[in-house]
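I have placed the structure first, in the form of structure tokens, so that the comments after it can refer back to it.
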Amino acid sequence: MLNTLDILETIKMITEEHLDIRTITMGISLLDCASEDLGRCCGKIYDKVCRRAERLVAVGEELEKEYGIPVINKRVSVSPISAVAAACGGGDFADLARAMDRAAAAVGVNFIGGYSALVHKGMTDADRRLLDAIPEALAETERVCSSVNVATTRAGINMDAVSRMGRILKETSYRTRESGSFGCAKLVVFANIPEDNPFMAGAYHGVGEAECAINVGVSGPGVVRAAILRHPGCGLTELADVIKKTAFKITRVGQLIAAESSRRLGAEFGIVDLSLAPTPAVGDSVAEILEEMGLEVCGCHGTTACLAMLNDAVKKGGVMASSHVGGLSGAFIPVSEDAGMVRAAESGALTVDKLEAMTAVCSVGLDMIAVPGDTPAEVLSAIIADEISIGVVNNKTTAVRLIPAWGRAAGERVVFGGLWGEAPIMPVHTGSPAAFLARGGRIPAPIHSQRN
Amino acid sequence: MRAVITVVGKDAVGIIAEVSGVLKRRGVNIVDITQSVMSDLFAMVMMADISACTVPFGALADELADLGRRLGLDVRAMHEDIFNSMHRI
């Protein structure tokens, strides 16, 4: 018989501490949807997503009932569309996003990721066409998420792509200005993009992945914070153990749901992502964990060290709990989606510079940060370049999801609603990096990429 | 398949009878049961065999949750594997 206290602990985690399965994401290969005719390619994409993901939502709801744990999102990721559509002759690449959007609506998922291109070393003609279509795709679809990988540790940084992403962000910001430039929240720029990330907006199904795979992301900032709260004043070594044990338990639930959902859906078990993913709900915040560890406010000196320890302990606890760990696996620090981060940013304690430093020790990057709408494209590109270089040099994933909020200035707010939360518009440095960006070309791969 | 049924809330007469009444109607066998009352707070944990349950598991869980709402208690039925995975290596 199970121990009563253990049973009640699990129930408390679910009912009071926001433990949930954040997402069951089905990765679907669309590599067999290639066609010389763009309309035909769109038709194949729609049919395949609908066929493969037909039961995804139903199975998610079944598991939620049986195991008594909320499954918040059911989502789909697909092969990078620039590769899927490379054979297409004429036509508008935004139509591919429309096909994805219709398929996502038909199977009942709220987001579909993979309107993506991998351009870390160079761009194909199809990559260029896809990048050009991103602002229109994000403005005119509801569920499509886009990601662009502009760098890897092995290839270096494609600065031409970085420059282009600044301009794409500006255009997306303008085209979606009526919704607080929300289109930019569905676009992520990556270094070392993972092929099996279940979290949106950066999810895509890598070309080395199976025909169909299930990747699961759990969420537990509230559980970790509650565990720390029960150990006031203990030493940091003991605290690391507390976090490890908690992460183990959280991840075991993810492993169970990933195994069971992949079995029921006839898909490969992909990975469990160990990330601590906050939500705007009070008590479900990574910033509050850091404050519970002993910081007066997230963003003060000491924040990077606390986050480094938290991130490491979460991984150590989680790795043993799952047979396959992947995705991003670390603590997320999105500003708008984390009530503690919003509070710290509004008080001025948390700045973009401090967030950049924090991303050196955790996943994933500058995430859901609203910046003034008049920020020049070159400055946006330079913020991307800084963040991406942290990933490239440290051999890790980093990403940038900035929202230049059209028509708004630092100190104002932009509200997205739901899990996306609301963001204070944070000031950025105004010195111009334009001449640096105008040099163009690639930043060579760092010396430690030479591992063979 | 076995399920863990938990009842947490303010103690009152007949809680076990109400819960086991539902289980009996649905063909669920109670394998083990523990309960404790600490300063008015009632906590009961049942291990139940639901292999002969006459309704889908989701429907049983809903029925128990509804009963809980009527009695002012938190009543949950969950697959035992979630607890096994979390608390056993």
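Selection of region A:287-333 for residues being among the hydrophobic types (A, V, I, L, M, F, W, C), touching a strand residue (DSSP E or B) at 6+ places or on another chain (Cβ under 7 Å) and closer than 18 Å to A:K249 by Cβ yields A:L310, A:V314, A:V319, A:V325, A:A331.
Residues are listed down the side, and each one gets a yes or a no for (1) within 14 Å of chain B (Cβ to nearest Cβ); (2) touching a Gly at 6+ places or on another chain (Cβ under 9 Å):
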residue	(1), (2)
A:T10	yes, yes
A:E16	yes, yes
A:T23	no, yes
A:G27	no, yes
A:R98	no, no
A:I112	no, no
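The set of residues in region A:282-311 that are surrounded by fewer than 24 Cβ atoms within 10 Å (Cβ to Cβ), aliphatic (A, V, I, L, M) and in contact with a helix residue (DSSP H, G or I) (Cβ under 7 Å, 6 or more places away or on another chain) comprises A:V282, A:M293, A:L295, A:V297, A:M309. The residues on offer are A:V119, A:V148, and the sole one that is within 15 Å of the chain's Cα centre (by Cα) and open to solvent by less than 10 Å² (accessible area, probe 1.4 Å) is A:V148.
Flag: A:S389 matches the condition of being assigned to a helix (DSSP H, G or I) and of a type in the set (S, T, Y).
Of all residues in region B:38-61, those satisfying the criterion of being within 16 Å of B:G72 (Cα to Cα) and either more than 11 Å from chain A (Cβ to nearest Cβ) or open to solvent by 70 Å² or more (accessible area, probe 1.4 Å) (or both) are B:D40, B:L41, B:F42. The set of residues in region A:333-355 that are buried (at least 24 other Cβ atoms within 10 Å of the Cβ) and in contact with a helix residue (DSSP H, G or I) (Cβ under 8 Å, 6 or more places away or on another chain) comprises A:I333, A:P334, A:V335, A:S336, A:E337, A:D338, A:G340, A:M341, A:A344, A:L350.
Out of A:V379, A:V314, A:V272, one residue alone is surrounded by fewer than 24 Cβ atoms within 10 Å (Cβ to Cβ) and touching a residue at least 12 places away in the same chain (Cβ under 8 Å). It is A:V379. Annotation: of all residues in region A:209-228 being open to solvent by 30 Å² or more (accessible area, probe 1.4 Å) and modelled with pLDDT of 95 or more, the one that is nearest to A:A308 (Cα to Cα) is A:E209. Consider region A:243-254 and keep the residues that are open to solvent by 40 Å² or more (accessible area, probe 1.4 Å) and facing chain B (nearest Cβ under 9 Å). The one that is farthest from A:A213 (Cα to Cα) is A:K249. Residues that are assigned to a loop (DSSP other than H, G, I, E, B), under 21 Å from B:I89 (Cα atoms) and out of contact with any Phe, Trp or Tyr (no Cβ under 6 Å at 6 or more places or on another chain): does region A:264-271 have at least one? No, region A:264-271 has no match at all.
The residue that is farthest from the other protein chains (Cβ to nearest Cβ), among those in region A:66-76 that are charged (D, E, K, R) and crowded, with 23+ Cβ neighbours inside 10 Å, is A:R75.
Applying the criterion of being part of a helix (DSSP H, G or I) and in contact with a helix residue (DSSP H, G or I) (Cβ under 6 Å, 6 or more places away or on another chain) to the residues of region A:151-163, the residue that is least open to solvent (accessible area, probe 1.4 Å) is A:V162. Quick check on region A:218-241. Is at least one of its residues within 14 Å of chain B (Cβ to nearest Cβ) and not in a helix (DSSP H, G or I)? Within region A:218-241, one or more residues are within 14 Å of chain B (Cβ to nearest Cβ) and not in a helix (DSSP H, G or I). Residues considered: A:A133, A:A105, A:A87, A:A83. Of these, the only one that is open to solvent by 20 Å² or more (accessible area, probe 1.4 Å), in a helix (DSSP H, G or I) and within 27 Å of A:G441 (Cα to Cα) is A:A83.
Per the listing B:L67, B:L73, B:L23, the residue uniquely away from chain A (no Cβ under 12 Å) and touching a Phe, Trp or Tyr at 6+ places or on another chain (Cβ under 9 Å) is B:L73. Of all the criteria given as (1) open to solvent by 60 Å² or more (accessible area, probe 1.4 Å); (2) in contact with an Asp or Glu (Cβ under 8 Å, 6 or more places away or on another chain); (3) in a loop (DSSP other than H, G, I, E, B), the one not satisfied by A:T430 is (2). Taking region B:74-89 as the range and being of a type in the set (G, A, S) and within 16 Å of A:I257 (Cα to Cα) as the test, only B:S85 passes. Only a single item in (1) within 14 Å of another protein chain (Cβ to nearest Cβ); (2) open to solvent by 20 Å² or more (accessible area, probe 1.4 Å); (3) outside any helix (DSSP H, G or I) is not met by A:L328, and it is number (1).
Let's see how each residue does on (1) at positive phi; (2) free of Cβ contacts under 8 Å to residues at least 60 places away in the same chain; (3) of a type in the set (A, V, I, L, M):
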| residue | (1), (2), (3) |
| --- | --- |
| A:G391 | no, no, no |
| A:T397 | no, no, no |
| A:V400 | no, no, yes |
| A:A405 | no, no, yes |
| A:R413 | no, yes, no |
| A:P427 | no, no, no |
| A:S432 | no, yes, no |
| A:F436 | no, yes, no |
| A:S449 | no, no, no |
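Each residue in region A:29-65 was checked for being in contact with a Gly (Cβ under 7 Å, 6 or more places away or on another chain), over 13 Å from A:A104 (Cα atoms) and open to solvent by less than 30 Å² (accessible area, probe 1.4 Å), and 1 of them qualify.
The values are calculated or read from the model by the stated rules, or taken from the named source; none is laboratory data. Keep in mind it's a predicted model, so treat the numbers as computed, not measured. We place every Cβ from the backbone using ideal geometry, glycine too, and count neighbours over all the protein chains shown. Protein only, heavy atoms only, side chains kept; ligands, DNA and RNA dropped before computing areas. Shrake-Rupley method; radii C 1.70, N 1.55, O 1.52, S 1.80 Å.
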